[in-house]
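First comes the structure, then the notes that go with it.
The values are calculated or read from the model by the stated rules, or taken from the named source; none is laboratory data. Computed from a predicted model, the values in this text were never measured in an experiment. With ideal geometry, Cβ positions are generated from the backbone for all residues, glycine too; neighbour counts draw on all protein chains shown.
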Amino acid sequence: MIVVFGSINIDIVVPVAALPRPGETVLGPGYRLVPGGKGANQALAAARAGLPSPERSPGFAQAGASVRMVGRVGRDPFAALALAELVAARVDLSAVERDDERPTGCALIPVDRDGQNLIVVAAGANGGAAQRQVADALLGPETLLLLQMEVPADENWTLIARARARGARVLLNAAPAAAIPRAVLAALDWLVVNESEAVAVAGGLGLPAASADSAAAAIAAAAGVTTIVTLGSAGAAAFPGKSGQGAWRIGALPIVPVDTTGAGDAFVGALAAALDAGAGLPAALHRAGVAGGLACLTVGAQPSLPERAAIDRRLADLPPPRRA
C-alpha cells in the first residue's frame, strides 16, 4: 500500500510564447484549470502506473497499487475539482480533511512553446496538513510512505519518524528544495531530487555540491539513503546509500516535449508504484524514466500522468539502467 502525505492544488495553466522575466508581463490566449499539487499528482501517478494492464512486464510482482491520499483542501468550489481525478482513479480519500478558513491550494503555471514552465504556488489549505491525519495502523511494514515538501516541514519530519518506528518504508521527494535535517535523511529509504534540489540539499548539509551528480552521491554516502537524481534530458541516476555498490544510470525517453509540468511527479509516482509492487531499484528506475518522459507529451500535470499500459508499451524505447 502507498500512503501519500502532501499537497492538493488547482493549477491554473497559461500557455505563453515565452516565460516572463522579472518585472515583465506576458500575455496568454487563455488558461485551463487542472487538478494538481505534488502530493495529489504523485498519488494519482502511482495509482495509474499501478493499474492492471494486459501487457505485464516480466518479473513485475503484482497488478495494481492501493493508494491513500492524506492532505487538506478548502470548502471552496476548487476543492471538488482538485480531487476529481483522484476519485476517478479510486484513490482512498478518507483521510483528506476540509479547512474552514483557508482555500484550496493553487498554482499558477505559465508554459512556453518549448514546454518549459515556471510555477508559483499559494499553499492555502495545504498549510494545515497535519501528520496526525495518518493513523498508526497505516504505517506498518506493508506501507510505502510517500512525501514531498509542499506541506509544513515539521509535519513531514514527525511523520517520517513515526513511519520509521513502525517499520514503514519511506520515500521523500525533496521538492521544492528546502533544508532537510541529517537525521531525517538517515530515516529515509529513498530520496528523489532534481538537479537544483540535489545541490540545495547537499549544500544545506555542508556536503560537496559541485554538480547534481556529486551532490546526490555525497548525500547517499553521508546519510545512507538511496538518492535518485533526475537530470532532465540526460535521464536519471541512482546512488545506493548502504550497499556500497556503484550508481545506476538511465537515459531519457526519446520524445519532443509539449509541457514538462508533470514529469517529476510522474517519475516519482511510477517509482513508488514499482517499489511498492516489489520491483528492484533498476526496474523501478526504468519504469519511472518512461513515465516521466510520457508526462511531457500532454499539457498540465494530472492529464499527463500515464497509466500502466502506456508505460509498458514504451519500456522497449528506453534502454534499462546500467551501472556507472
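May I ask you to verify whether GLN133 is surrounded by 13 or more Cβ atoms within 10 Å (Cβ to Cβ), more than 15 Å from GLY36 (Cβ to Cβ) and at pLDDT below 95? Taking the combined requirement at face value, the residue does not satisfy it. THR230 meets the conditions (1) at pLDDT 95 or above; (2) within 19 Å of GLY50 (Cβ to Cβ) in every case but one. The failed one is (2).
The C-beta contact set for the range 290-301 (first residue at positive phi and of a type in the set (Ser, Thr, Tyr), second residue buried (at least 24 other Cβ atoms within 10 Å of the Cβ) and in a loop (DSSP other than H, G, I, E, B), distance under 8 angstrom, 6+ apart or interchain) is empty. Under the condition of being closer than 17 Å to LEU188 by Cβ and modelled with pLDDT of 95 or more, the residues counted in the range 241-255 number 0.
Output yes when any residue across the range 216-223 is assigned to a loop (DSSP other than H, G, I, E, B) and either in contact (Cβ under 8 Å) with a residue 60 or more places away in the chain or closer than 27 Å to ILE119 by Cβ (or both), and no when none is. Give the steps one after another, and end with the answer.
Within the range 216-223, the first condition is being assigned to a loop (DSSP other than H, G, I, E, B), and the residues that meet it are none.
Checking the range 216-223: not a single residue is assigned to a loop (DSSP other than H, G, I, E, B) and either in contact (Cβ under 8 Å) with a residue 60 or more places away in the chain or closer than 27 Å to ILE119 by Cβ (or both).
When the range 1-36 is limited to residues that are in contact with a helix residue (DSSP H, G or I) (Cβ under 7 Å, 6 or more places away or on another chain) and of a type in the set (S, T, N, Q), the one that is farthest from MET69 (Cα to Cα) turns out to be ASN9. Among the residues of the range 260-277, are any charged (D, E, K, R) and buried (at least 22 other Cβ atoms within 10 Å of the Cβ)? Among the residues of the range 260-277, at least one is charged (D, E, K, R) and buried (at least 22 other Cβ atoms within 10 Å of the Cβ), which makes the answer yes. Among residues of the range 188-211 that are free of Cβ contacts under 8 Å to residues at least 12 places away in the same chain, those with a beta-carbon under 6 Å from a residue that is not in a loop (DSSP other than H, G, I, E, B) at least six positions away or on a different chain give the pairs PRO208/SER214; PRO208/ALA218; ALA209/VAL199; ALA209/ALA202; ALA209/GLY203; ALA209/ALA215. Within the range 116-165, the set of residues being part of a helix (DSSP H, G or I) and β-branched (Val, Ile, Thr) comprises THR158, ILE160. All of LEU188, LEU138 fail the test of being of a type in the set (A, V, I, L, M, F, W, C), crowded, with 23+ Cβ neighbours inside 10 Å and closer than 18 Å to GLN42 by Cβ, apart from LEU188.
Taking every residue in the range 68-97 that is more than 20 Å from ALA272 (Cα to Cα) and pairing it with any residue that is assigned to a strand (DSSP E or B) and among the polar types (S, T, N, Q), at least 6 positions away or on another chain, the pairs with Cβ-Cβ distances below 7 Å are ALA82/ASN9.
Could you list, in sequence order, all residues of the range 297-312 that are in a helix (DSSP H, G or I), in contact with a helix residue (DSSP H, G or I) (Cβ under 9 Å, 6 or more places away or on another chain) and farther than 23 Å from CYS106 by Cβ?
Of the range 297-312, the ones in a helix (DSSP H, G or I) are 297, 302-304, 308-312.
Keeping just the survivors that are in contact with a helix residue (DSSP H, G or I) (Cβ under 9 Å, 6 or more places away or on another chain) gives 297, 302-304, 308, 310-312.
Of everything in the range 297-312, those that are in a helix (DSSP H, G or I), in contact with a helix residue (DSSP H, G or I) (Cβ under 9 Å, 6 or more places away or on another chain) and farther than 23 Å from CYS106 by Cβ turn out to be LEU297, ARG308, ALA310, ILE311, ASP312.
Looking at GLY241, is it surrounded by fewer than 23 Cβ atoms within 10 Å (Cβ to Cβ), out of contact with any Gly (no Cβ under 7 Å at 6 or more places or on another chain) and assigned to a loop (DSSP other than H, G, I, E, B)?
Working: surrounded by fewer than 23 Cβ atoms within 10 Å (Cβ to Cβ): yes; out of contact with any Gly (no Cβ under 7 Å at 6 or more places or on another chain): no; assigned to a loop (DSSP other than H, G, I, E, B): yes.
Answer is no for this residue.
In the condition set (1) modelled with pLDDT of 95 or more; (2) part of a helix (DSSP H, G or I), PRO320 is compliant with all but (2).
Of all residues in the range 173-216, which are of a type in the set (Asp, Glu) and either more than 21 Å from ARG249 (Cα to Cα) or out of contact with any Lys or Arg (no Cβ under 9 Å at 6 or more places or on another chain) (or both)?
Residues of the range 173-216 that are of a type in the set (Asp, Glu), as a first pass: 189, 195, 197, 213.
The answer is GLU195, GLU197, ASP213.
Only one of the numbered conditions (1) of a type in the set (Gly, Ala, Ser); (2) modelled with pLDDT under 95; (3) assigned to a helix (DSSP H, G or I); (4) closer than 24 Å to GLY128 by Cα is not met by ALA178, and that is (3).
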